[in-house]
Amino acid sequence: MSFPPGFVFGVATASYQIEGSPVRDGGGLSVWDMFCRRPGKVWNGDTGHIACDHYHRWREDVELMKAIGVQAYRFSISWPRVLPEGVGRVHSEGIAFYDRLVDALLEASIEPWVTLFHWDYPYELYCRGGWLNPDSPAWFADYARVVVRKLSDRVTHWITLNEPQCFIGLGHQLGTHAPGDQLGLTEVLRAGHHALLAHGHAVQAIRAESRKAPAVGFAPVGVTKHPATEDPADVEAARSAMFAVQDTSPWSNTWWLDPIFRSGYPEDGLRLFGSAAPTIGPSDFEVIGQPLDFFGVNIYNSQPIRATGEGGYEAVPYSINMARTTYGWPVTPEALYWGPRFFWERYRLPIVITETGLGNTDWPSEDGCVHDPQRVDFLKRYLRQLHRASADGVPVHGCFHWSLMDNFEWNEGYRMRFGLVYVNYDTQERILKDSAQWYRSLIESRGASLEA
């Protein structure tokens, strides 16, 4: 059951969730600093002001990755740590932090994969309209150039945006994530269009400024569907459902992906959104559709779909006995087979699972160890399905476990734990969980241990 040569086993994190707020060292505020100040928005009143204090404990955290044996580390850059006002002045100590981190990773034989934006939008730019401002794509491109000029002599793997469905949909439509806005559909779609333009301009900046040949990708939510059975009718029904825009929620694939990979918004989305659809400039899709090197996608679960005849389909309700994570997400290993397969069939780029993992309630036992058998079971089931996709011809080039360590889980605060590493938030002690030991064995065997 070994994965093919070149397959990358990694771990992932995001800046605001682990580093501690940039304002502690002269950086700027982000919209998440703002959001956490609002009563009732984050569970228990938690904030990311300190989080895992990775900004000061990064050496220890690199040693933990080395102990686990990971081959790559996907981390994000904090835009306001580098540019406190979002544009203009560069905070030298902020960019130096990432410079040191990259060096330490390479010294540990861990490949850095840099995500430019994982939701911590600069507060000062939000006050100027944020993603609604038509200058926002240019702001993001300027920021990208600063980072790429500094790190691209060593960093070759780049991801522009993480999950626009979340930072636009949850942040600007539903208001459950920062900045906490509840805009009308017209404004939500305009902000989303600007984010896609920002992606395209960032790709151009990466390719223009890189000192080494870059591999560039994107990391959306994979809104995944799987067939209720492997009957061909159900398979086709699941494929159709996965690539349909069915409502005005943020949870679709094609509205966010077709502009990048197919040079335009999907027709069903345009019909549904009507006059709320964004105004398209003459070169917008040329910018948005910059060629990419891999298709990054975050997949945690999937919805079963069955055919109803004459090309119709319907969602199959989850069983009352469905296994669920602490987040309430269903445990559906099929997601890592059908998701990569359907995305490959539609967009024809190598697949990298940029996030998958389990939110759980883990704690140290009396023996001082953290035993998390549910996470091990989850990963076994999911990665067996990913291997199945690879064996069936889907070019799967890597998988990043979310997350390296327990961290600030956005509006859920510290209520659940996703890490291979347990973090005591009072003392900042780190403990390798059983799942970290299991992941090390998985990497050493290149997946063969999945047969056990």
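Of note:
- Some residue of region 387-401 being without any contact (Cβ under 8 Å) to a residue 24 or more places away in the chain and part of a helix (DSSP H, G or I): yes
- Options Ile260, Ile299: the member that is crowded, with 19+ Cβ neighbours inside 10 Å, under 29 Å from Leu379 (Cα atoms) and either touching a residue at least 40 places away in the same chain (Cβ under 8 Å) or out of contact with any strand residue (DSSP E or B) (no Cβ under 9 Å at 6 or more places or on another chain) (or both): Ile299
- Which listed residue, of Glu236, Glu187, is among the charged types (D, E, K, R) and surrounded by fewer than 16 Cβ atoms within 10 Å (Cβ to Cβ): Glu236
- Selection within region 239-257: residues that are hydrophobic (A, V, I, L, M, F, W, C) and closer than 24 Å to Leu183 by Cα. The member of this set that is surrounded by the fewest Cβ atoms within 10 Å (Cβ to Cβ) is Trp251.
- The residues of region 352-371 that are surrounded by 19 or more Cβ atoms within 10 Å (Cβ to Cβ) and not in a strand (DSSP E or B), listed by number, are Gly357, Leu358, Gly359, Asp362, Val370.
- Residue under evaluation Val235, criteria (1) on the phi > 0 side of the Ramachandran plot; (2) not in a loop (DSSP other than H, G, I, E, B), criterion not met: (1)
- Counting the residues of region 1-36 that are of a type outside the set (Phe, Trp, Tyr), surrounded by fewer than 24 Cβ atoms within 10 Å (Cβ to Cβ), in contact with a helix residue (DSSP H, G or I) (Cβ under 6 Å, 6 or more places away or on another chain) and within 30 Å of Gly447 (Cβ to Cβ) gives 2.
- Test: residue in region 277-285 that is more than 30 Å from Arg381 (Cβ to Cβ), of a type in the set (Asp, Glu) and exposed (fewer than 15 other Cβ atoms within 10 Å of the Cβ): no
- Some residue of region 374-384 being at negative phi and part of a loop (DSSP other than H, G, I, E, B): no
Values quoted throughout were computed directly from the atomic coordinates according to the rules given, and no laboratory measurement underlies them. What you are looking at is a predicted structure, and each value in this text was computed from that prediction instead of being measured. FYI the Cβ positions are ideal-geometry reconstructions off the backbone, even for glycines, and counts take in every protein chain you see.
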